[in-house]
Amino acid sequence: MTETLANTDSRKNEFLKNKSFKTDSIKNDWLTVAAIGLLAMCMEPFDHEALGHGSVCLLLGGHISLLTSSLFHCSVPSDWIDPAGPAMNLFAGFLALVARTFVPLRFPKLRLFLILVTAFSFFWEGGYLIHAMHHQNGDLYFFTRYLLDYVTVGERWVGAALGLALYLATVRLTSRALLTVASNAKAARAVARTAWIAATLGIVLATAAGRWRGFSDAVMEIGLASFPLLLIPYHKHKMPGTASSPAITRSYPVIALALVVFAVFVATLGRGIQQ
């Protein structure tokens with residue numbers, strides 16, 4: 001009898017535990033999560049094109065002749081402008097990664113924003129390095145050719161391997177981080193997918209405002225590069241010992257901020273600034 005009662009209590013506790021997981025999952029507000037994904041999306045092209053390429057162009061005494069979410073032209077040609085975009089993305093992603101370690105779990109919205117900034121930045125630069133070395137095109141390939149005069153096949157393989165290492169590390173890093181903003185792995189996947197959909201739709205709408213100029217590059221930069229967000233966290237259950245933030249509840253200030261930032265993004269990098 002004692003053993004039967006113990007088993008019953010155990011099953012009851014397990015049921016209540018699973019029920020609480022389900023309740024916590026429902027509390028994650030999809031509209032707020034989408035708004036955070038939209039905010040993080042706006043950061044990545046801005047860091048790359050405006051802060052990265054744009055700042056070096058201005059420092060060299062040039063002026064920006066074209067600036068969109070995926071295209072940049074400077075009046076002063078320089079091989080040092082090319083790596084500035086990727087370097088700024090890596091810096092922004094690393095800064096967000098470090099900042100997240102200091103943000104308490106009771107601030108899940110801010111933690112999710114920092115997780116996504118790191119993910120979008122690192123996924124793009126890792127994937128972009130592979131793409132650049134394979135197609136012998138793009139910022140990182142051009143800068144490597146400038147430094148080495150000629151990029152051998154072996155050097156291209158080394159560059160692609162570095163890109164793959166960063167990409168796979170980002171998958172693992174993001175997967176583990178997402179488990180801290182949801183009650184279980186299933187809820188974390190729902191959060192990641194909602195953010196990815198919002199970010200991808202956002203970049204599509206932004207390029208539409210610019211008459212689809214640079215559409216393929218922009219979608220590849222956000223949607224394609226970060227497609228692992230549709231699959232992670234890849235654990236079936238939450239890992240033991242992983243602490244969780246409170247549920248992401250509805251926040252109208254966050255939603256309003258995302259709409260304002262996105263409107264500015266569409267009016268500038270989406271439509272394009274050309275002189």
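Of the chymotrypsin sites (Phe, Trp or Tyr not before Pro) found in region 102-173, those in coil by DSSP whose Cβ has at most 13 other Cβ atoms within 10 Å are Tyr150.
Running a GNM on the chain with Cα contacts under 10 Å, which residue among Ile36, Ile197, Ile115 ends up with the highest mean-square fluctuation? The residue with the greatest mean-square fluctuation here is Ile197. Scanning the chain for cysteines with no neighbouring cysteine C-beta under 4.7 angstrom from their C-beta gives Cys42. Please tell me the relative contact order of region 86-214 in percent, rounded to the nearest whole number, where contacts are Cα pairs under 8 Å and at least six residues apart. Relative contact order here is 23 percent. Considering all different alpha carbon pairs of the chain, the Kirkwood hydrodynamic radius works out to 19.9 Å. Under a Gaussian network description of the chain, with springs only between Cα atoms under 10 Å, the residue in Lys109, Lys186, Lys27 that fluctuates furthest is Lys27.
Quick check: from the Cα gyration tensor, does region 82-129 come out rounded (a/c under 1.5), prolate or oblate?
It is prolate, given that a/c is not under 1.5 and a/b is the larger ratio.
The amide H of Ser65, built 1.01 Å from its N in the peptide plane, has His73, Cys74, Ser75 as neighbours under 5 Å, considering only residues 5 or more places off or on other chains. Charges on Cβ only, +1 for Lys and Arg, -1 for Asp and Glu, centred on the Cα centroid of region 125-259; of Leu162, Ala225, Tyr128, which one is farthest towards the dipole's positive end? Selected residue: Ala225. Within the listed set Thr170, Thr101, Thr32, the Gaussian network model of the chain (springs between alpha-carbon atoms below 10 Å) gives the highest mean-square fluctuation for Thr101. Relative contact order of the chain, taken over Cα pairs closer than 8 Å and 6 or more residues apart, is 29 percent.
Around the Cα centre of the chain, unit charges on the Cβ atoms of Lys, Arg, Asp and Glu (plus for the first two, minus for the last two) sum to a dipole of about 1360 debye.
Every number here is computed from the coordinates shown, using simple stated rules; none is lab data. Computed from a prediction, not measured in an experiment: that's the story for all the values here. Because the Cβ atoms are built from the backbone with ideal geometry, glycine has one as well, and the counts that use them run over all protein chains shown.
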